[in-house]
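For reference, the structure is listed below as structure tokens.
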Amino acid sequence: MSITYCGGTNKMKPMLPTYYPEAPKSTDWRYEVKYDGFRAILTIDAHTVKITSRNGKELSSLFPEISTFINDLDLKSFLPLQLDGELVWLTNEAKADFFEVQWRGRLRKQSLISEKANFTPCRFIVFDLLRINGNDLTTNSMSERRKMIKNLGEILELPMPPNPNDKALIQLIESYVDLDKAINKVILLDGEGIVAKEIQSTWQEGKRSTSWIKVKNWRAVSCFITALNKENGYVSLAVYKGNEITKIGSVKNGLSAHDKSILHELIKQNASEEDEQFFYIHPSICIEVQFLHVYEENELREPQFSQWLLQTSPNECTWEKFVISQFTFPDSIQISSRDKPLWIIDDKQVIKVEYLQYLREVSAFFLPFLKDKLLTTIRYPHGSMDNEKFFQKNKPDYAPASIKTFWDEGIEYMLCNDIETLLWFGNQLALEFHTPFQKAGKVKPDEIVLDLDPPSIEFFSLAIKAALEIKKVMDSLNIQAFVKTSGNKGLQIHIPLPEDIFSYQETRMFTDFLGHYLISSYPDDFTMERLKKNRQNRLYLDFVQHSEGKTIIVPYSPRGNPFAGVATPLYWEEVGERLQLKDFTIETVPNRIKRLGCAFKDYRHVNNGPTFLEVLSFLKQKKTNS
DNA sequence: GGGAGCA
DNA sequence: TGCTCCCAACGCTGT
DNA sequence: ACAGCG
């Protein structure tokens, strides 16, 4: 066997999985989530960190955040260390976005790279350990290597399974004993697929091995053929959008040689037209095509022929069915009326599965704010366009038993602590999620939220002005504050506090002080006047809203308003005259997170406790003096 | 969205 | 079988 | 006590 030295000139070619349509199922195998990113080997010695791609390209300078993170780890006793894994842009526990990492890999401008590294860092997901302490482990069995990875992860406190909301940039893959559990997880979280690994297998350099088997999480669409490309053999695919034929992509792979020749003959013989490049054919031949996901509206990623649809008429291949086919959910998640329209934005419908997809996309950032809080949802059983809506707190009898509940004042509240529950709420058409400021069972708030709601959208600039004034005060007090849109017409300031320390009476002293400061500084802009008729067009500082029993819209909750607004965490730099609330919707927020990250990612990492205590004692003193 | 109560 | 109804409810403040 | 506000 050959030994590869760290820092040497040898290029380590990774062991590769073999593609199978189905995973082997036995106790000799373990199952891992397959992430869509760059396969890479991480080599760390006392002086250098190297990230090497599958084709031997050096990636560490393109992803400097990984090296920076590693340099802060205490690895001395493990060096030289070599890890096998995937460099990814993590969406959730079981999904990575290939386009984001690919785009990152193409950046060359240093300033842009470091900006991205800071706001939307990529992560290295470890699934194998090749060397530790300089000892070669590649001839050890997979199960032995796995044990050592787990051990290393525990010592270094690296997250497992991966979590995009965790600041650690090296994270560990989970290894499942149960195939169905792994598949269920991947389908639930819209992942790429799984890799099955034989427990006795060794790590074989540069080899495509049948000890590692990859299985993809395919989506499938029924469509018809419109053309054959003479040059490259690609077949154009389309569906009906009303009466119009709409292209959805093209496919070449997946056909046997026999099927391929049948298909090409069929198109040539029935062609309605022919030019230099294509044979064209009217809708008649229907096929099912598998793909991983759709990009740019009408291109399929990794399309594959899966079967002939001889019994299907082209009329049955519709755009609506195509949209639904993109989103698969495990059988354990029951979804009714998948195509029900919930919002209509400029003639474009957002249907129920697209809403569920939104929830799944933001879940890693949304769920932490719902965790262990008594939930009030607003349900729109006929979508946001209909007048009928109602609040719901109590767990209905038909809710799944798996949902955790908490009794408070005669109400059995539901807690939304996991993605399954979130999707259940989504299927129930809960479009808005509201929570109090304290965790279930606690009497003291863990945050202050200030609601800056202008009298109407025309006066939105007042909310901006108030937010920026409050930011100035917070900066001068050295208190860290966060800002988000309400999803409707205003802004909200969040101030995280340590849990269960300060009382509502104390936070009230602070909001009173802030309110009085603002109205005395800008009496024409802000008011604390309760009576509407006395407010004129001033912004009402409803700081009374901050008390026990009151609720506030949760970050990343959608709103049941016509433009599908989302309560969106913002960066302070974005708060200015150019801010447009209509830009923050269920259509835009998932991409926003990919481009800019979550603006609240430090929310539970800041400690406002000591400074808030100081400010309070100052306010208390002021009160006794006056 | 889904159950219950009712005709 | 189809219809209608239900699904929250608190606290603060000015008069 | 009650209306008005969120």
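The values are calculated or read from the model by the stated rules, or taken from the named source; none is laboratory data. Note that the structure is a prediction, hence the values are computed from the model and not measured. With ideal geometry, Cβ positions are generated from the backbone for all residues, glycine too; neighbour counts draw on all protein chains shown.
Remarks
- Here residue A:344 meets each of (1) in a strand (DSSP E or B); (2) crowded, with 21+ Cβ neighbours inside 10 Å; (3) in contact with a Pro (Cβ under 8 Å, 6 or more places away or on another chain); (4) not acidic (Asp, Glu) with one exception, condition (2).
- Considering only residues in the stretch A:154-186 that are surrounded by fewer than 19 Cβ atoms within 10 Å (Cβ to Cβ) and in a helix (DSSP H, G or I), the one that is farthest from the chain's Cα centre (by Cα) turns out to be A:155.
- Contacts under 7 angstrom Cβ, first residue in the stretch A:501-525 being more than 17 Å from residue A:540 (Cβ to Cβ), partner buried (at least 18 other Cβ atoms within 10 Å of the Cβ) and of a type in the set (D, E, K, R), 6 or more apart: A:501/A:444; A:502/A:444; A:503/A:444
- Test: residue A:124 is among the aromatic types (Phe, Trp, Tyr), buried (at least 19 other Cβ atoms within 10 Å of the Cβ) and touching a residue at least 12 places away in the same chain (Cβ under 8 Å): yes
- Options A:381, A:368: the member that is within 23 Å of residue A:585 (Cα to Cα), in the same structural domain as residue A:338 (by TED's automatic domain parsing), in contact with a Leu (Cβ under 7 Å, 6 or more places away or on another chain) and away from DNA strand D (no atom under 16 Å from the Cβ): A:381
- Residues that are of a type in the set (Asp, Glu) and either assigned to a helix (DSSP H, G or I) or in the same structural domain as residue A:189 (by TED's automatic domain parsing) (or both), drawn from the stretch A:384-423: A:420
- In the condition set (1) assigned to a strand (DSSP E or B); (2) within 13 Å of DNA strand C (Cβ to nearest atom); (3) farther than 23 Å from residue A:337 by Cβ, residue A:443 is compliant with all but (1).
- Scan of the stretch A:296-337 for residues that are assigned to a strand (DSSP E or B), under 21 Å from residue A:19 (Cβ atoms) and of a type outside the set (Gly, Ala, Ser), ordered by number: A:300, A:301, A:304, A:305, A:307
- Evaluation of residue A:558 against (1) within 16 Å of DNA strand B (Cβ to nearest atom); (2) more than 30 Å from residue A:101 (Cβ to Cβ) (one fails), failing number: (2)
- Residue match in the stretch A:587-600 (condition: modelled with pLDDT of 95 or more, of a type in the set (Gly, Ala, Ser) and either over 19 Å from the mean Cα position of the chain (by Cα) or within 30 Å of residue A:441 (Cβ to Cβ) (or both)): yes
- The stretch A:387-407 - residue that is within 7 Å of DNA strand C (Cβ to nearest atom) and not basic (Lys, Arg) and, of those, farthest from the chain's Cα centre (by Cα): A:388
- Residue A:457 fulfils the conditions (1) β-branched (Val, Ile, Thr); (2) more than 16 Å from DNA strand C (Cβ to nearest atom); (3) within 30 Å of residue A:533 (Cα to Cα); (4) under 24 Å from the mean Cα position of the chain (by Cα) except for a single criterion, (4).
- Entirely in the stretch A:54-137, the strands (runs of 3 or more DSSP E) that have 1 or more residues that are closer than 26 Å to residue A:205 by Cα: A:81-88, A:123-132
- Restricting the stretch A:187-209 to residues that are assigned to a strand (DSSP E or B) and small (Gly, Ala, Ser), the residue that is farthest from residue A:130 (Cα to Cα): A:193
- For the stretch A:210-260, a tally of residues being assigned to a loop (DSSP other than H, G, I, E, B) and either over 30 Å from the mean Cα position of the chain (by Cα) or surrounded by fewer than 20 Cβ atoms within 10 Å (Cβ to Cβ) (or both) returns 13.
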